[in-house]
Structure formats: C-alpha cells, structure tokens
Amino acid sequence: MAEPARQPVFIAFQANGDTIPIVDAIEQDNPHAQIDESPGMVKITAPGKLVVKRETVEEMAGRAFDLQELQVNLISLSGSLDETEDEFTLEWKL
Amino acid sequence: MSAVMKDKAGRQPPKKLSLKQNYEMLTRGLGWEPSYQKKEDIYSKLTYEGIHIHDWSAWEDPFRLTMDAYWKYQGEKERKLYAIIDAFQQNNGQFNVTDARYVQAMKIFLNAIVGLEYASHRGFNMLSREFEGVGPRVAAQMQAIDELRHATTQIHALSHYQKYFEGMSDFPQQFDRTWYISIPKSFFEDAQTAGPFEFITAISFAFEYVLTNLVFMPWMSGAAYNGDMSTVSFGFSAQSDEARHMTLGIEVIKFLLEQDERNVPIVQKWIDKWFWRGYRMLAVLAAMMDYMLPKRVMSWKEAWEIYFEENGGALFADLERYGIRMPKYYEQTIHEKGHMSHQLWSTFYQLRKAGGFGVWLPSEEEMDWMSEKYPDTFDKYYRPRYEYWRELEAKGEPFEFEGLPQLCQTCQWPCLFTEPEDPTQLCFRHSKYKGERYNFCSDGCKDIFDDEPEKFVHAVLPVHQILKGEYFREGADPRAEGFDPMFEALSYMGIKPGVDGGLFSEHVDAKKWEEWTGRPANIHEGPVSDAVRKTG
C-alpha cells in the first residue's frame, strides 16, 4: 500500500444536544475530518487519526467534561483506541 | 497557580490517580495467586484450543473503564432510555411509525435478537470465569451485564408493540423453534459450545467488530427515519456499549496475535469461519434494510461498501503486520452484495405462509429505488420476477412455494443463494461424512462443516425436525383425520398459522393499522380497507 497510515478511522454519536459541543470540538481539532449526518446519528470519518480533546469539548460545552462521558452517546468507532484524561484518540498504528 | 494546596494540618492531599493508574488498581490489583489449587485446574479450558498465552497482563482495555465508572454511565444510559420509552408509550408512538410494514421488521428483531443478546450474556459470563487475566475478566463481566441489559431493554421497548400487533407474544418459543430464527440461534450456540478463545474471536471480533456496525448504524438510523423513537433509543443505547465491545474485539485479536506466533493460523481459521457465519446470518438484515423500511437511509450494498469494504479493509490492512489476511471468501460477499437482499426477500415471499410476519412485493416506487441502488443486478435479475409476481397477485393467484426447503447444514438458511459466478443458478454443495450426505448453501459453509463435522452433524435443522415428526405439539395425533402437519409444525414454532404470516395486504396488522390510524398500512400502495380517510 502506498499510504498505509491514511486508512480511515471513524467515530459516531447519537445526534442530540449533548453531542453538539463534542462534534464541534472534533471539527475544530481535526480539520481533515469529514462529518456525515444521518437520521439520529452523526458520523465523523478521518484518514489515519482522530482526536477528541477534553479541553476543547469543555470550551465548547462551557463546563467541565470527563472524556468517559463520551460513553453515554457513543454509537460506534473504528481504529485502535487510546484514552487518557485529556485525549481520546483513534488511530491505525501502522 | 503552581502552589500546592495544603489542608489545615499542612498535609498535601493525595494526588488523584490518573485514568491509567486507576485502571491498573481496579483490574490487575484485584488478582491473586492461588495457593491451594493449581492454576490449570482453576482455568481448565485455556489450553485445549492450541492458543498460547505468556503474559495476561499485556491485555489492556483502552477505554480504561473500571466498574465504578461503568455503573455510573450505564445508570445514566438507562435513565435516558426509559424516559424515552415512557414518552413513546404515553404518546401512542407505535402509530407514529411510517406504516405497518415497518412493524413486521420489528417482529424479526424481537424474536431473533433478544435471544442472541441473552445467549451473549451467558457466553461472556463463561469467559469472565474462564480467563486467567483480570483485565479481560473485568471486560467480559461488563459485557455480560451489557448483554443482559440489551435483552431486557429490547423486551421492554418492543412489549409496547406487542399490545397492538401480532407475532410478538411468543418470542422465547420462537427463538428456540422457528425455522428462520434457528439461523441466529445456531450461530450463537456454535460459539457458546466452542472454547473461550474461539468464542471471543467469534463474537467480539468477527461479529462485533467486523459486522455489527451494519446492524446498529444504518438500521437504527433507518428506524429513526421511520419515526420509531423506542427502537432507536434502545438500539443506540445498546450500541453505546457496542463501541466498548468492538474495542474489546480488536484488542483481543491483537493480544492473541502478539502473545505467540503459533496463535496466528488458529486465529485466522476462526476469523474465516466466523466472518462467513456472521455474514450469512446478516442476510436477514440485508432484506430488512432494502425491503422492510418504508423510508430508507441506504441500501445493503452501500452499507456493505462503507462498513465492510472500507472499514473492514482498513482493519485488515492494519492486521497484515501480524500475518492476518482478509477473511476467506470475502470476495464472494462483494460479488453477492447486489443479490443477497433480493434473493432472501423472494424466498420469504414464497414461504410467507410459514413466516411469522406479513410479506409484500415491492411497489413501483420501491423497485425504482432498487434499480437506482442496484444498477447492475436489479433490473436484470429481480425486477422481471417481481413484476410477474405482481401480475399473478393482480389476477388473484399469488405465487407460493408449498414444499419444505432444503436447509444448509451449517448456516441453516434454505439453500437460496446463487453460484458465485452465476446469479441464475442456485448454489448447492455437499459433503459425505460417515456415509451420510450433508447439504450446504455455499463453499464457505461447506468448509466450516468439513473442518468440524462431528460438531455440525448434531445441528438441529427445523425442516428435518418437521420431517421426523419432532415439531408437533404434545398430544398431536398425526393419524387423526384432517391432521395438517404444516399447521401443527407452525404452531409448535410459536407461529399462528393463517394469522402471523401471509400476504401483508391481507394481514390483520394492516387492517387494524388502517382502522386505528386512518392511514394506509403500506404508504406505497392503496389502502387495504375502507378505514383510510379520503383527503382529496
């Protein structure tokens, strides 16, 4: 493969009020990501890597945010995950 | 800002543990070395499959979810879900879905999926007992609880439909006995009766990671599009756990492959087997997506391209470094993507009297949609058949198949799929084992049987059971005058003959829907009764 690190990863959330700041934060921190909305669901796909940063979500939501709260509205994801207090990262580690 | 806060006595407060440290303490920290029993006696099923594990502590849940956080977030999910189910029920949500055909799909969901969730719950309980490492035991325990939650929330959400529509009252019986539900049932029982490593590869990886996105993403989004608040809510609520299960699936594969090179061919064989079994099981979903959603989000073909070809492709590209290749016969799934839903729906139509839900032919509008979505296959192979069947229906002579189909010994579908290279020829494969002949729908299913014939000769195939006279209710007398073996067998399966199945346009659900809502039971065709108000 010519560009092995460019395989897509994605994350999908329920489309609701809780996830607007999360999706906004992802959009800001991952300019290469593509956002697809379908009924009830928003799916964010990016080549190679996708990061959710706690700090940006907090900025967008205007409140403290624990990344484990993502669990509540998460629908699906692909890629290898690494989660710390500050970042939730999906990546194909080639 | 950097000054350390001290309490009144001048002590520094203990530092909050990082997510990683917290996870270490609440998983590894819970294990102990046995003193009066041998490890191999306690964990007796870990070696016979040929898998070698050297270091269980190398297993990590990347979510780093611990039991305390688990209960907190699961509690929140449940509160949200039950608030929505309450609202759905209080507002007669069952009448706000697009039309009564949508409800027919929910019957398949309730009768087939709930039993799978419960079987999965049992399977993961077994894993949390069998695995030696604490990390995977905790993950398996959480998943066991998740699966039980899915079964109960699905029952609660769908019980409301059950009050109004036929075919949903006997779901445990249907799960155990109904012919097309033996497909998912046998899939899970095959996994449950395998060893712990095969089970987790089958369910967590091949099924959850590679295939369930197809169930929960396009299908649930389709449910949302058709106005089904309650199903969307339990679907997405379940799927929020699924993201964790999928992560477990990919972690387990990496763990097995990194532990020992000898694991690689065993894992590849399991991936081949369970990919094919899962794919065959999902044929029902293909038909549900293309035919049973009155308003559609995407076709099966598009979903397969996004969720298997693109995402699965990325996954297997990542696994290449371990010597893992794409699952065997994956090319065939790509070839079949333009055919599978049409072949299955045609089969359900022909066997509709033996089904637990009403069946219909696609309308002109729907056939046009399929022509657009399946430009290479629909007009050439399937439209002419539907148009002919529509003519027969118009003449009052609807086509039906009155015999019993030949089932595949492995996947248990009728042999309804076509040859990989020729969509006009049904595919039949056979094997001989101990002097008996066994039938298969595909090379994939034949390979699985040939590898484990002793297991699969024990498969309980509903058609065989009917022919053997085993599928009769207690007290049934086949010698009595007027004895109807089909009536008897359907009753045994939990299907009400003449009520649950048949043509949708004659179905009691269709008539009642129009009576209750004043709207057509099938938005694409004219009303089936006089109850629909004329508005212009």
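The values are calculated or read from the model by the stated rules, or taken from the named source; none is laboratory data. Just so we're clear, the structure is a prediction, and the values are computed from it rather than from any experiment. Cβ atoms come from the backbone with ideal geometry, glycine included; neighbour counts cover every protein chain shown.
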Check your understanding: Which residues, taken from region B:50-104, are under 30 Å from B:Ile266 (Cβ atoms), over 26 Å from the mean Cα position of the chain (by Cα) and among the charged types (D, E, K, R)?
Key -> B:Asp55, B:Glu60, B:Arg64
Point to revise | Members of region B:7-32 that are within 14 Å of another protein chain (Cβ to nearest Cβ) and in contact (Cβ under 8 Å) with a residue 60 or more places away in the chain | key: B:Leu26
Check your understanding: Counting residues that are surrounded by 11 or more Cβ atoms within 10 Å (Cβ to Cβ) and in the same structural domain as B:Arg244 (by TED's automatic domain parsing), which helices (runs of 4 or more DSSP H) fully inside region B:3-91 reach at least 2?
Key -> B:67-90
Revision key, fill the gap. Expected single match for within 12 Å of chain A (Cβ to nearest Cβ), in contact (Cβ under 8 Å) with a residue 60 or more places away in the chain and hydroxyl-bearing (Ser, Thr, Tyr) among B:Tyr307, B:Tyr291 is B:Tyr307
Review point. What is the one condition in (1) touching a residue at least 24 places away in the same chain (Cβ under 8 Å); (2) in a helix (DSSP H, G or I); (3) facing chain B (nearest Cβ under 10 Å) that A:Gln68 does not satisfy?
Key: (1)
Review point. Taking the condition over 29 Å from B:Thr231 (Cα atoms) and over 10 Å from the mean Cα position of the chain (by Cα), does A:Lys93 pass?
Key: yes
Practice item. Evaluate region B:210-219: report whether one residue or more is in contact with a His (Cβ under 9 Å, 6 or more places away or on another chain) and under 19 Å from A:Val9 (Cα atoms). Key: yes
Point to revise | Test for B:Leu351: is it of a type in the set (A, V, I, L, M), in contact with a Leu (Cβ under 8 Å, 6 or more places away or on another chain), away from every other protein chain (no Cβ under 14 Å) and within 28 Å of B:Ser491 (Cβ to Cβ) | key: no
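For (1) of a type in the set (Lys, Arg); (2) assigned to a helix (DSSP H, G or I); (3) surrounded by 24 or more Cβ atoms within 10 Å (Cβ to Cβ), each residue gets a yes or a no:
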{"position": "B:Ile183", "(1), (2), (3)": "no, yes, no"}
{"position": "B:Phe197", "(1), (2), (3)": "no, yes, yes"}
{"position": "B:Ile200", "(1), (2), (3)": "no, yes, yes"}
{"position": "B:Phe205", "(1), (2), (3)": "no, yes, yes"}
{"position": "B:Glu208", "(1), (2), (3)": "no, yes, yes"}
{"position": "B:Ala223", "(1), (2), (3)": "no, yes, yes"}
{"position": "B:Gly227", "(1), (2), (3)": "no, no, no"}
{"position": "B:Thr231", "(1), (2), (3)": "no, yes, yes"}
Point to revise | Every residue from region B:221-241 that is at pLDDT 85 or above, touching a Ser or Thr at 6+ places or on another chain (Cβ under 7 Å) and facing chain A (nearest Cβ under 7 Å) | key: B:Ser221
Check your understanding: In region A:71-94, which residues are farther than 16 Å from B:Met246 by Cβ, more than 7 Å from every other protein chain (Cβ to nearest Cβ) and not in a strand (DSSP E or B)?
Key -> A:Asp86, A:Lys93
Review point. What about B:Ala243, is it within 19 Å of A:Asn73 (Cβ to Cβ), free of Cβ contacts under 8 Å to residues at least 12 places away in the same chain and in the same structural domain as B:Ala286 (by TED's automatic domain parsing)?
Key: yes
Check your understanding: Within region B:207-214, is there a residue that is modelled with pLDDT of 95 or more, closer than 30 Å to B:Arg129 by Cβ and acidic (Asp, Glu)?
Key -> no
Review point. Somewhere in region B:336-354, is a residue without any contact (Cβ under 8 Å) to a residue 24 or more places away in the chain, in contact with an Asp or Glu (Cβ under 9 Å, 6 or more places away or on another chain) and not in a loop (DSSP other than H, G, I, E, B)?
Key: no
Practice item. Can you give me the ranges of the strands (runs of 3 or more DSSP E) entirely in region A:1-52 with at least 2 residues that are more than 18 Å from B:Lys80 (Cβ to Cβ), among the aliphatic types (A, V, I, L, M) and touching a strand residue (DSSP E or B) at 6+ places or on another chain (Cβ under 8 Å)? Key: A:8-14, A:41-47
**Study point:** Selection count where residues are more than 10 Å from every other protein chain (Cβ to nearest Cβ), closer than 19 Å to B:Ile200 by Cβ and not polar (S, T, N, Q), scope region B:246-261
**Key:** 9
Check your understanding: Among the residues of region B:246-280, how many are in contact with a Pro (Cβ under 6 Å, 6 or more places away or on another chain) and either surrounded by fewer than 24 Cβ atoms within 10 Å (Cβ to Cβ) or among the acidic types (Asp, Glu) (or both)?
Key -> 2
Review point. Just for strands (runs of 3 or more DSSP E) wholly inside region B:417-458: which have at least 1 residues that are closer than 15 Å to B:Asp190 by Cβ and without any contact (Cβ under 8 Å) to a residue 60 or more places away in the chain?
Key: B:436-440
Point to revise | Selected residue (criterion: nearest to B:Pro218 (Cα to Cα)) from residues of region A:31-50 that are more than 14 Å from chain B (Cβ to nearest Cβ) and surrounded by fewer than 18 Cβ atoms within 10 Å (Cβ to Cβ) | key: A:Ile35
